[in-house]
Amino acid sequence: MRPGAMKSLCLLGATGSIGQSTLKLVDQHPDRFLIRALSAHTQVDALIDLCRRYRPLQACIADPVLFTALRDGLRAEGLATTPLAGAEGLQDMAADPGSDTVIAAIVGAAGVASTFSAARAGKRILLANKESIVLAGQLLMKTVADYGAELFPVDSEHNAIFQCLSAHGGRAGVRRLILTASGGPFLGKTRTDLAAITPEQACRHPKWSMGRKISVDSATLMNKGLEVIEAHHLFGMPADAIEVVVHPQSIVHSMVDYCDGSVLAQLGEPDMRTALAYGLSYPDRINSGVKALDFGQLGHLEFQSPDTDTFPCLGLAYAAISRGGNAPAVLNAANEVAVTAFLEGRLPFLAIADIVAQSLDAVPWEPAVDLSVLMASDAEARRYANHRIH
Ligand code: NAD
Ligand code: MG
């Protein structure tokens, strides 16, 4: 290892799917990565267990009611980890000079404030929390630039595009970004087939193992819609130069099409450790534990256009980009409310898109002047969507 190559990490959302994949990489490379801070939402016992294993300087439980449980649990274990709680605790931890890299792996708009806090502290941010950039894309990109932070896409599609663009040396000559979509568990189904879908069916993704919210987003194709918005901001490309193609094998993670007809792609097994390892070690490469692709076994790769009639959420996301301002924040908030209601058995699967469309029409348009305007739109969209559901 080169001297000074050790990275100190703040892992927000440590108990989730991305959090666990990150910790596997840390376990594999204890000489490169040091965990300095960890957070969880409500799983206080799991967080204390992680503190026992990684001995961070700080740990934050996002639900403030659980602060005493965290503090007492750390004390009982004889750990010197400082306990923190709530949204403020997350923001303080993200900005703390004890870490140089922040892995933003909280799900939903709950991750926005801590992502911004990391940006204002000039950190390298490994962004899994796509809702942050969907809600406040322009402001986040500007904050990252103003404070000399670095935003590193961990979403596999954006990581693929980042790798293609890095290999080529930038955006010159790019004609289109092509985001691949697995199609989710309901590829090929009709609206009639989807009427009585249960949360368990929606969360059974054929290729990726992920948290429940993003699994439902993959099933509605909203995940790809959020990713189109994410790509628009990350790579500064207009929406009409971002195309989605369904690729059920999830081997080609995304592509860049150049004006001379060349298409560059990044391929790999569907395992988030590849994108995380790239972000953690950039510009080096480290072993991620992901197995090598076996092309003889793969046989063939398929591509097809998305069915936007059966899955209207993708079109809603494009509409939100063209409306601009607070529209992506409204789309995201209404979707979070609708997905929660679906997962709790209070809303049919097909109504998720209806709630999002109605919220986009109902919440007044506002320009995205600052984060407080966007958070107010987020709150208003949540109120409206909840009102439609009950
Ligand atoms: P998950 O549900 O498995 O984990 C979410 C984490 O966030 C948990 O640690 C949880 O404790 C924490 N959390 C939840 N609600 C919170 C709140 N209100 N306040 C603070 N913390 C909270 O989700 P995941 O699949 O790991 O996804 C995390 C993020 O990464 C999402 O934005 C998702 O879209 C994105 N992402 C995930 C994958 C994947 O393969 N899982 C791939 C690409 C992008
Ligand atoms: Mg993705």
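Read-outs throughout are calculated quantities, based only on the coordinates presented, and are distinct from any laboratory measurement. Predicted model only: the values in this text are computed from it and were never measured. Cβ sites come from the backbone with ideal geometry, for glycine too, and all protein chains shown count toward neighbours.
Since only Ser99, Leu374, Val174 are under comparison, the one whose Cα sits farthest along the positive direction of the charge dipole of the chain, derived from C-beta charges on Lys, Arg, Asp and Glu, is Ser99. Here the chain is treated with +1 on each Lys and Arg Cβ and -1 on each Asp and Glu Cβ, and its dipole about the Cα centre works out to around 660 debye.
If we count every other residue with Cβ under 11 angstrom of Asp217's Cβ, Lys/Arg +1 and Asp/Glu -1, where does the sum land? Charge balance near Asp217 sits at +1.
Loop-located GluC sites (Glu not before Pro) in region 295-369 (DSSP state other than H, G, I, E, B) with a sparse environment of at most 15 neighbouring Cβ atoms within 10 Å: Glu302, Glu344. The string of couplings for region 318-325 from the Karplus curve (6.51, -1.76, 1.60, θ = phi - 60°) is 4, 4, 5, 5, 6, 6, x, x Hz, one whole number per residue in order, with x for Gly and Pro. Rounded if a/c is under 1.5, else prolate if a/b is larger than b/c, else oblate: which is region 172-275, with a ≥ b ≥ c the root eigenvalues of its Cα gyration tensor? In terms of gyration-tensor shape, prolate. By its C-alpha gyration tensor, with a ≥ b ≥ c as the square roots of the eigenvalues, how is region 7-153 shaped: rounded for a/c under 1.5, else prolate for a/b larger than b/c, else oblate? Prolate, because a/c is 1.5 or more and a/b exceeds b/c. For region 324-390, a crude dipole built from +1 on the beta carbon of Lys and Arg and -1 on the beta carbon of Asp and Glu, taken about the Cα centre, is about 200 debye to the nearest 20. Annotation: average projected area of region 231-360 is 11.2 square nanometres, based on the convex hull of Cα atoms across all directions. Bridges between two residues of region 153-304, per DSSP, are antiparallel at a rate of about 70%.
Taking 0.36 nm per intervening residue step and subtracting the Cα-Cα distance, what contour gain separates Ala46 from Val263 on full extension?
Working: separation 217, 0.36 × 217 = 78.12 nm, distance 4.41 nm.
Roughly 73.7 nm would be gained on extension.
Going by neighbour counts of Cβ atoms within 10 Å, the residues Ile321, Ile251, Ile352, Ile133 line up, fewest first, as Ile251, Ile321, Ile352, Ile133.
Pairs from the table (Lys130/Lys207; Lys7/Lys123; Lys130/Lys224; Lys7/Lys213; Lys130/Lys213) lying more than 18 angstrom apart at Cα are Lys130/Lys207; Lys7/Lys213.
Annotation: amide H-H contacts under 5 Å for Phe33 (H modelled 1.01 Å from N, sequence separation of 5 or more, or interchain): Lys7.
The share of Cα pairs per 10 Å bin across the chain, counted from zero up to the longest distance, runs 5, 23, 33, 27, 10, 1, 0 percent.
Distant-in-sequence amide contacts of Leu267, defined by a placed amide H-H separation under 5 Å and a gap of 5 or more residues or a different chain, comprise His253. The Kirkwood radius of region 31-99, taken over pairs of alpha-carbon atoms, gives through the Stokes-Einstein law at 10 °C and 1.306 mPa s a diffusion coefficient of 136 µm² s⁻¹. Annotation: amide H of Ala181 within the under-5 Å range of Val245, Val246, His247, sequence separation 5 or more or interchain, hydrogens built in the peptide plane. Here the peptides 223-232, 123-132, 174-183 are ranked by packing, the mean other Cβ count within 10 Å, and the order with the highest first is 123-132, 223-232, 174-183. In sequence order, region 19-29 has phi-based couplings of x, 5, 5, 5, 5, 4, 5, 5, 4, 6, 10 Hz under the Karplus curve 6.51 cos²θ - 1.76 cosθ + 1.60, θ = phi - 60°, and Gly or Pro positions carry x. Quick one: net charge of Met375's neighbours, Cβ under 12 Å, K/R +1, D/E -1? Around Met375, the surrounding residues sum to -3.
Remark: region 90-104, residue by residue, has Karplus-estimated 3J(HN,Hα) of 4, 5, 4, 5, 5, 9, 5, x, x, 10, 9, 10, 10, 9, 8 Hz, where x stands for each Gly or Pro and the curve is 6.51 cos²θ - 1.76 cosθ + 1.60 at θ = phi - 60°. Placing unit charges on each Cβ (+1 for Lys and Arg, -1 for Asp and Glu) gives the chain a dipole about its Cα centre, and among Phe116, Ser218, Leu347 the Cα reaching farthest toward its positive end belongs to Phe116. Restricting the trypsin sites (Lys or Arg not before Pro) of region 344-390 to loop positions (DSSP other than H, G, I, E, B) with no more than 15 neighbouring Cβ atoms within 10 Å leaves Arg346. Rg over Rh for region 320-389 works out to 0.98, using Cα positions for both radii and the Kirkwood form for Rh. In plain terms, the C-alpha convex hull of region 71-203 casts an average shadow of 12.6 nm² when viewed from every direction.
Of the beta bridges DSSP finds with both residues in the chain, what % are antiparallel, to the nearest 5?
Numbers: 11 of 41 bridges.
Roughly 25 percent of the beta bridges in the chain run antiparallel, per DSSP.
Is there a quick way to get the dipole size of region 7-153? I mean about its Cα centre, with the Cβ of Lys and Arg at +1 and of Asp and Glu at -1; what is the value in debye to the nearest 20? Present the calculation step by step, with values, prior to reporting the outcome.
Values: 14 positive and 14 negative charges, 60 e Å.
Dipole of region 7-153, to the nearest 20 debye: 280 debye.
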